[in-house]
Amino acid sequence: MYTYFEGLLGRQHFILKTGPEWKLHRRVVDDTMSPAFLNNLASHTIYARSLDWVELWNTKARLAAGRPFRAIHDIHFAVLDTVLGFSFGSQFPRSATKPQMQRLARITPEELGRLSTAQENTGINSPIDFPEDQIDEGLKSMLELLETLEEVKTAPSVALKWWFVKKTSAYQYRTRMKDECIRGEIKRAVAARTKHGQASSEESESPSWMRCAVAIIVDREARNARREGRAPDFFSTVIMEEIWGFIVAGSDTMSTTLSWGVKFLADHPKTQDRLRKALQTAHANAIEQRRLPSVEEILQTPAAYLDAVMEEILRCGGTIPIGDREAIVDTVLLGHRIPKGTKVRFLHNGPGIRRPELEVNERKYNLCSPDSKEVEKVIPGWDNQDVDLFKPERWLRDPEKSATSDEDRDWASLSFDPQAGPSIPFGLGIRSCFGRRLAYVEFRILLTMVIWNFELLKCPEELSSYAGQLAFVHKPRNCFVRLKTVSY
Ligand code: HEM
């Protein structure tokens, strides 16, 4: 069966059935999620790219002077830049955020005066509609290809719709531009490898040229080819598709999660305040020295409240709200017989996770595999009374049980419990999210940066709805921010 994603991703491992082909694709990219690469190298590029986002929002906060503005593109551009930085390295010259900064640098007071979206209302609640500059054709093509998923999703026949879309000159042009960009970066990595004497990861953990995912993939291919006695094929379809897969799987997911995050935090000022205080306590040296926390500080300093907020945004945002699996043997689920080959879909934000648990028929439930009972012992259920609320505190444990109320609690002294209750934002098992480690590194850096630098004020009611739209991910229809810069 032709899947919804196949038109965009080809045979990238996300769409393959678990088996030899999936394994082969996974092997191509496996090394890119090593903690050493993520924490010591990729994180620096992600951090550098996050500074562009902070600069853009500093300028917008100043120009907006307390009025809200649309945030979704800024977040999307910032995340795309970090994913491209991770994939292609810090020297990758293209950026989606920088043209927006350059555009704002050219804005005149007259133009600024004309930027209200509601012409009749120029009050503090009316959103300001900042102009956007065109981004580089390669990046624009990537974003437009991602948007194709929206176009295809409602078609009665997905396969037919993809067949038609792929015939269009627009789609072919975008694919060519995207492929040229990826090919160019592979070429650069191959040249760097050759120049630096092919001293690969066999000799040293991370040679100086291996600073991005593409370089790691190129090195792996060269070593495999040598071992198998063949010429390396750096531009194979498998490699091209897996690199494109990073960009697709890593950009919409992370930007959507952050978009939900800024909404939840703006609407929960106490939580936001606690988070900022937790970060300021964790990075007291940075405050004393009037600087931003460094990337090492962000990743290495324990900050339980930050962990709790990230986990709660993932639980409540429900970026990927549906999971699916195919039964590979006859089995029983909650007392229902599931024959081999049946496709089972389940909600990542349904009963027990974001909604009260369903009443289960104990007699039937007991027919479940003993594993599910074991899981229940390790991960307790959430309290049905508040399971639907955004409440990061649910992820924290107070070993001392010292405080009598939230007001006099020392939030910095609590510990984070990742198994406090059920949540599966990254799925489960062998086919769970491949990029999970990268996602946490990115999320930690980007969320710290935004909360450190800005107070997210509540937006007017009409801009604050929680309605979502579902394509590849479940994203908010509305994502506005109203910013106040935090001074130190
Ligand atoms: C907050 C961000 C992210 C969320 C919420 C997320 C969530 C998910 C989920 C729910 C799945 C399906 C898991 C399952 O079926 O059990 C998945 C798969 C996957 N994710 Fe992520 N993801 C995120 C970020 C990333 C990033 C940054 C990358 C890579 C650069 C990535 C790459 C992948 C890949 C390649 C798969 C397919 C794995 C396979 O089928 O074997 N994801 N992700």
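Filter the stretch 209-233 for residues that are open to solvent by less than 30 Å² (accessible area, probe 1.4 Å) and hydrophobic (A, V, I, L, M, F, W, C) and give the result.
Selection gives Trp209, Met210, Cys212, Ala213, Val214, Ala215, Ile216, Ile217, Val218, Ala222, Ala225.
Taking the condition of being in contact with a Gly (Cβ under 6 Å, 6 or more places away or on another chain) and among the β-branched types (Val, Ile, Thr), how many residues in the stretch 4-24 meet it?
0
Provide a single number: the residues in the stretch 218-238 that are in a helix (DSSP H, G or I) and either more than 14 Å from the ligand (Cβ to nearest atom) or touching a Pro at 6+ places or on another chain (Cβ under 6 Å) (or both). Let's see the steps before the verdict.
Residues of the stretch 218-238 that are in a helix (DSSP H, G or I), as a first pass: 218-228, 237-238.
From what's left, either more than 14 Å from the ligand (Cβ to nearest atom) or touching a Pro at 6+ places or on another chain (Cβ under 6 Å) (or both): 218-228, 237.
Going through the stretch 218-238 one residue at a time, the tally reaches 12.
Exactly one condition in (1) surrounded by 13 or more Cβ atoms within 10 Å (Cβ to Cβ); (2) at pLDDT 95 or above is false for Ser169; which is it?
Tallying (1) surrounded by 13 or more Cβ atoms within 10 Å (Cβ to Cβ); (2) at pLDDT 95 or above, Ser169 fails exactly one: (1).
Go over the candidates Ala155, Ala78 one by one and state the one that is small (Gly, Ala, Ser), in contact with a helix residue (DSSP H, G or I) (Cβ under 8 Å, 6 or more places away or on another chain) and closer than 25 Å to Thr257 by Cα. Steps first, please.
Details: Ala155 fails: closer than 25 Å to Thr257 by Cα.
Answer to the check: Ala78.
Quick check: anything in the stretch 246-260 in a loop (DSSP other than H, G, I, E, B) and touching a Phe, Trp or Tyr at 6+ places or on another chain (Cβ under 9 Å)?
Step one: filter the stretch 246-260 for residues in a loop (DSSP other than H, G, I, E, B), giving none.
Within the stretch 246-260, none of the residues are in a loop (DSSP other than H, G, I, E, B) and touching a Phe, Trp or Tyr at 6+ places or on another chain (Cβ under 9 Å).
Just need a number here: residues in the stretch 409-455 that are open to solvent by less than 50 Å² (accessible area, probe 1.4 Å), hydrophobic (A, V, I, L, M, F, W, C) and within 20 Å of Arg345 (Cβ to Cβ).
Summing the residues that are open to solvent by less than 50 Å² (accessible area, probe 1.4 Å), hydrophobic (A, V, I, L, M, F, W, C) and within 20 Å of Arg345 (Cβ to Cβ) in the stretch 409-455 gives 2.
On the phi < 0 side of the Ramachandran plot and either away from the ligand (no atom under 16 Å from the Cβ) or among the aliphatic types (A, V, I, L, M) (or both): which single residue out of Lys475, Lys458 fits that description?
Numbers: Lys475 fails: either away from the ligand (no atom under 16 Å from the Cβ) or among the aliphatic types (A, V, I, L, M) (or both).
Going through Lys475, Lys458 in turn, just one is on the phi < 0 side of the Ramachandran plot and either away from the ligand (no atom under 16 Å from the Cβ) or among the aliphatic types (A, V, I, L, M) (or both): Lys458.
Output the qualifying pairs, or none if there are none: Cβ atoms under 8 angstrom, residues six or more apart or on different chains, first residue in the stretch 318-338 and closer than 13 Å to His474 by Cβ, second residue within 16 Å of the ligand (Cβ to nearest atom) and among the charged types (D, E, K, R).
Gly318/Arg354; Thr319/Lys475; Ile322/Arg345; Gly323/Arg345
The values are calculated or read from the model by the stated rules, or taken from the named source; none is laboratory data. All values reported here derive from a predicted model rather than from experimental measurement. FYI the Cβ positions are ideal-geometry reconstructions off the backbone, even for glycines, and counts take in every protein chain you see. For accessibility, only protein heavy atoms count, side chains too; no ligands or nucleic acids. Shrake-Rupley method; radii C 1.70, N 1.55, O 1.52, S 1.80 Å.
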